[in-house]
Amino acid sequence: MGQIKFGTDGWRGIIADTFTFENVRKVAQATSEYAKENGWIKGKGVFIGYDTRFFSEKFAACCAEVFTANGIKVLLAKKFVPTPFVTFMIVTGQADFGVSITASHNPYEYNGFKLRTPKGGAAPPEITKPIEQLIGKTEVKRMGIEEAMSKGLVEIVDPYPSYFEWVKDRIDLNFIGEKGFKLVVNPMHGASMDLVKLFLAPHGCDVETINCNREGFFGFKHPEPIEKNIRDLIAEVLDRKADAGIATDGDGDRLGMVDEKGRFINPHQLYALILTHLIKNRELKGDIAKTVSTTSLLNKIAEKYGFNAIETAVGFKYIADLLYEKKIIMGGEESGGLGVQFHIPERDGVFSALLVLEYMAKEGKPLSELVDELYSEFGSHYYKRIDVRVKAIEEAKGFVAKLEESPPETIAQLKVKSTNFVDGAKFVLEDGSWILFRASGTEPLLRVYSESCDIQRLESILSFGRKLIEERLS
């Protein structure tokens, strides 16, 4: 097989193909060496969490065997946990760094290895590339779990109680509960499971759940909370006349929502709602960060209040440090994850959902009305992403590189006003519309993103994008 590579967030592979126990041990060995060489070990140890996928707990134990053999104490999750819990354990001083065994929103046949640094955020390229170079260079060390436990090198921990207290200190659950919201929650068979219900049901909310059992095939859907994957949630919201529907992905860091009218509320709208709430009601002041593929609506909201919107490459690892260093009040990405300054430097789907509910409670308005108010003030924003499958990730990267070398001057009869090559090739047009071409960091896909204030113009821009791909890859 080829060299193991970290993508947008961690290393992922198909179980029993590239994601094997042997390869997981190699990655754990390289990570152990890097952690020790770079002063990550401060006496607490590494927290290892895992999601609900096939063999996730066994892959986690496999990692533990390697870390302990290298003299690193392991805090092993008692049961599956959302990836945000890994970051939580680090930033609260309970662990030195962390690993989450998960493939996030990928199809069921995948699993993965997400690394969280001593700052709590996803490991950026300056960390993962040296780790890649260490993989397979030295013999893998192993220590049996029972032996490690007898030596005090493995501790089984339950992070749920302390996480609950952390969240309760940051969000007024009683205030939300007083509104008696009727909610339907779809964790998509993932690691978030009953979290929303555990938070809100005791405080007066009526919370029903669907797809809330461990099922390794994820109902034969990608565990990604996008509209086409949560039709059942939309139907349940309408059938139960609920105030909102909440969906989280396989490892609980992404969020999708449905309003009381059955409309899917996409990540861009959720970010805009939460940003407005943070500034207007929580009175937070400061800049924000957004990945290059995220809506320009955030720029307009930030500008209204006198703040800047920093554009980063795709991947929350580019936002995490800004949150950790408190340089921004919020950061988000197109794929459905956002973080806020007063929580953790990581995406957290459940925490984000609670903030939306807090906004609804504070304003005393239904979710649909809050969304409509955004567009009444800032105008319509139509956004769409299409994925074009290619033979390999390298082919997609090659297309983007050539586009940067010879960019178009006009797109869909509109002049290109500015370009951005921080991640892919982004072209901002004279009317404010934009299109972005970038290679996926985890799959052999060429992603094409576009946004416009006019739906027909959006389709024209995307049509241009499709033709350009056909011409240059034919």
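Consider VAL66 carefully, then state whether it is in contact (Cβ under 8 Å) with a residue 40 or more places away in the chain, under 22 Å from PRO118 (Cα atoms), within 25 Å of the chain's Cα centre (by Cα) and in a helix (DSSP H, G or I). No; evaluated as a whole, the condition is false for this residue.
Being modelled with pLDDT of 95 or more and among the aliphatic types (A, V, I, L, M) is the filter here; which residues of the stretch 423-454 pass it? Scanning the stretch 423-454 gives ALA425, VAL428, LEU429, ILE435, LEU436, VAL448. The set of residues from the stretch 371-389 being farther than 14 Å from ASN266 by Cβ, in a helix (DSSP H, G or I) and not charged (D, E, K, R) comprises SER376, PHE378.
Residues in the stretch 2-36 that are in a loop (DSSP other than H, G, I, E, B), free of Cβ contacts under 8 Å to residues at least 24 places away in the same chain and either among the charged types (D, E, K, R) or surrounded by 18 or more Cβ atoms within 10 Å (Cβ to Cβ) (or both): ASP17 alone. Listed by position, the strands (runs of 3 or more DSSP E) inside the stretch 289-346 whose residues that are among the polar types (S, T, N, Q) number at least 1 are 309-312.
When the residues of the stretch 300-316 are filtered to those that are in contact with a Lys or Arg (Cβ under 8 Å, 6 or more places away or on another chain) and closer than 23 Å to SER452 by Cβ, the one that is surrounded by the most Cβ atoms within 10 Å (Cβ to Cβ) is VAL314. Taking the residues in the stretch 42-69 that are touching a strand residue (DSSP E or B) at 6+ places or on another chain (Cβ under 9 Å) and of a type in the set (S, T, N, Q) as candidates, determine which candidate is nearest to TYR160 (Cα to Cα). Out of the qualifying residues, it is SER56. PHE59 - would you say it is touching a helix residue (DSSP H, G or I) at 6+ places or on another chain (Cβ under 7 Å), crowded, with 23+ Cβ neighbours inside 10 Å, without any contact (Cβ under 8 Å) to a residue 60 or more places away in the chain and not in a loop (DSSP other than H, G, I, E, B)? When the stated conditions are applied, PHE59 passes them. The residues of the stretch 401-413 that are under 20 Å from LEU445 (Cα atoms) and touching a residue at least 40 places away in the same chain (Cβ under 8 Å), listed by number, are LYS402, LEU403.
Select, from LYS221, LYS285, the only residue that is among the basic types (Lys, Arg) and at pLDDT 95 or above.
Just a single option satisfies the conditions, and that option is LYS285.
The values are calculated or read from the model by the stated rules, or taken from the named source; none is laboratory data. Note that the structure is a prediction, hence the values are computed from the model and not measured. FYI the Cβ positions are ideal-geometry reconstructions off the backbone, even for glycines, and counts take in every protein chain you see.
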